[in-house]
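The next block holds one structure in the form of structure tokens; read it before the comments.
The values are calculated or read from the model by the stated rules, or taken from the named source; none is laboratory data. As the structure is a computational prediction, the values presented were derived from the model and not from experiment. When we count neighbours, we look across all protein chains shown, and the Cβ atoms used for this are built from the backbone with ideal geometry, even at glycine.
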Amino acid sequence: MGIFDYEYLNKEQIKGFNSYKYSCVDTSPLAVYISHPFWNWLVQFYPRTWVPNVLTLVGWGFVMGGFVLESFLDYDITRNSFGTADPIPSWFWLLAAVCTFLGHTLDGTDGKQARRIGASGPTGELFDHGLDSWSTVPFTITIFSIFGHGLYSISGVHLLCVLISTQIVFFTTHWEKYNTGVLYLSWGYDASQFGLMFIYVFTYFVGYEWFQFFVFGKWNIAACMEIGFYACCAGSLVMSLKNVMECKNWKQKKTGWKAAARLSQFTRFFLASVAWATKSPNSIVDVDPRMFFFCMGTVYSNITCRLIIAQMSNTICDIYNLTLLIYLSVIGYSFYQPAHELFVLRISTVAILLLHIHYGVCVVRQLCRNFKIYALDVSYLKNAQK
């Protein structure tokens, strides 16, 4: 067996994937009247040789690429702080808008292309949503980099809470499907993408200085945006609870207590992240915010991918996760040996990143072997037709 041939999925999960049927409801006005009509028109011009998973990967690459580029330009998220003499170049915000648009468009058309050429299936859905779960970090951190650090921004701890609120919305959507069997897409997704593009373009034309004022009292624009994220999170939670309560065919009815117990890993994860950020001996969230958020976001993505797999295969979600155990161990060690905190964060981030990539590649390859398809090639369709 090769390094990427390890089989993470058990027989029960594979069996569940074999009988999986996609069910989705998207009632967002922006999606219904703008996004989907545009995507339906655009996908007609795609060559039929374009692979849906490649579209997904390229779209995710634009989003993550913008985040990586900004990390080089403003690693510690301070370059746009009040009084700075060397802000982030204005061209970057126009580029960020383009990357967001392309990421959103490719993410919206990959499934349509798959259905158009007859390549749709659970592997592509898992590939798509797995990468989406990793995008919560670049979406959140990039937009708040406009405000820099200090007077007209929010603290690193508050930025972590904003990121968690974004992750909760994404997680809740899939937890809802885990119980109901239907993916009710959040209205906040399309709204956030259009909002990000607007703010990036606006910043390109007027400059980051425009955001440096207080709306009322000591509340600046960044703080108001933070409240907006929390409000969207609360609204999504209410709607998800409503959908679950109204569901007449609850998938996890017989094993509901086991499914609920699996929520504990998310609870531990979020609480541990906040505790580390607030009680860190070296204020790690301010010393190396990019690495902190990327590490945390990668662990979150790995946990969420396992939830998505359980939801799609109609099995109980894993309660143990090596990336989470490493993450929690690093937090504990940081309090035990504060002098090594930054070092262990960076080393563990590399280890967690490699583990997450290995997990994702192996799972996709295992599903491809099961369905006798290719992840990044659609030549198998011709063979199937023959």
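So the values come out like this:
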quantity	calculated
Any chance LEU102 is more than 25 Å from THR315 (Cα to Cα), aliphatic (A, V, I, L, M) and surrounded by 22 or more Cβ atoms within 10 Å (Cβ to Cβ)	no
Options PHE202, PHE194: the member that is hydrophobic (A, V, I, L, M, F, W, C), surrounded by fewer than 19 Cβ atoms within 10 Å (Cβ to Cβ), free of Cβ contacts under 8 Å to residues at least 12 places away in the same chain and in a helix (DSSP H, G or I)	PHE202
Qualifying residue in region 24-33 (condition: at pLDDT below 95, in contact with a Lys or Arg (Cβ under 9 Å, 6 or more places away or on another chain) and not aliphatic (A, V, I, L, M))	yes
Residue in region 58-68 that is assigned to a helix (DSSP H, G or I), among the aliphatic types (A, V, I, L, M), on the phi < 0 side of the Ramachandran plot and touching a His at 6+ places or on another chain (Cβ under 9 Å) present	yes
Residue within region 149-160 that is more than 18 Å from SER283 (Cα to Cα) and either touching a helix residue (DSSP H, G or I) at 6+ places or on another chain (Cβ under 6 Å) or modelled with pLDDT under 85 (or both) present	no
Matching entry among ARG306, ARG290 (being modelled with pLDDT of 90 or more, of a type in the set (D, E, K, R) and touching a Ser or Thr at 6+ places or on another chain (Cβ under 6 Å))	ARG290
Selection within region 89-148 - hydroxyl-bearing (Ser, Thr, Tyr) and outside any helix (DSSP H, G or I)	SER120, SER135
Total residues in region 204-230, condition closer than 28 Å to VAL32 by Cα and β-branched (Val, Ile, Thr)	1
Tally of residues being among the aliphatic types (A, V, I, L, M) and under 9 Å from ASP26 (Cβ atoms) across region 182-198	2
Unmet requirement for ALA31, which otherwise passes all of (1) out of contact with any Asp or Glu (no Cβ under 6 Å at 6 or more places or on another chain); (2) more than 25 Å from CYS317 (Cβ to Cβ); (3) part of a helix (DSSP H, G or I); (4) small (Gly, Ala, Ser)	(1)
Residue within region 213-232 that is among the β-branched types (Val, Ile, Thr), assigned to a helix (DSSP H, G or I), surrounded by 15 or more Cβ atoms within 10 Å (Cβ to Cβ) and modelled with pLDDT of 85 or more present	yes
Selection from region 338-362 of residues that are surrounded by fewer than 14 Cβ atoms within 10 Å (Cβ to Cβ) and touching a Pro at 6+ places or on another chain (Cβ under 9 Å)	PRO338, ALA339
Answer residue from region 247-269, given it is at pLDDT below 75 and part of a helix (DSSP H, G or I) and is surrounded by the most Cβ atoms within 10 Å (Cβ to Cβ) among those	ALA259
Leading residue by the ranking (modelled with the lowest pLDDT) among those in region 339-386 that are of a type in the set (D, E, K, R) and farther than 22 Å from ALA310 by Cα	LYS386
Complete set of residues in region 289-307 that are among the charged types (D, E, K, R) and touching a Phe, Trp or Tyr at 6+ places or on another chain (Cβ under 8 Å)	ARG290
Elements of type helices (runs of 4 or more DSSP H) in region 279-386, at least 1 residues being touching a Gly at 6+ places or on another chain (Cβ under 8 Å) and over 30 Å from SER145 (Cα atoms)	289-313, 341-371, 379-385
First in region 64-80 and closer than 15 Å to ILE146 by Cβ, second anywhere and assigned to a loop (DSSP other than H, G, I, E, B) and of a type in the set (Lys, Arg), Cβ under 9 Å, 6 or more apart	LEU73/ARG79
Enumeration of residues in region 209-223 that are closer than 29 Å to PHE170 by Cα and in contact with a helix residue (DSSP H, G or I) (Cβ under 7 Å, 6 or more places away or on another chain)	PHE211, ILE221, ALA222
Index of the failed condition, ILE308 passing every other in (1) at positive phi; (2) in contact (Cβ under 8 Å) with a residue 40 or more places away in the chain; (3) not small (Gly, Ala, Ser)	(1)
Pair list, Cβ < 7 Å and 6+ apart or interchain, from region 19-34 residues that are more than 19 Å from THR180 (Cα to Cα) to residues that are among the acidic types (Asp, Glu) and loosely packed, with under 13 Cβ neighbours inside 10 Å	none
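Here is a yes/no grid of residues against (1) modelled with pLDDT under 95; (2) surrounded by fewer than 20 Cβ atoms within 10 Å (Cβ to Cβ); (3) over 30 Å from PHE292 (Cα atoms):
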position	(1), (2), (3)
ILE3	yes, yes, no
ASN18	yes, yes, yes
TRP60	no, no, no
ARG79	yes, yes, no
ASP86	yes, yes, no
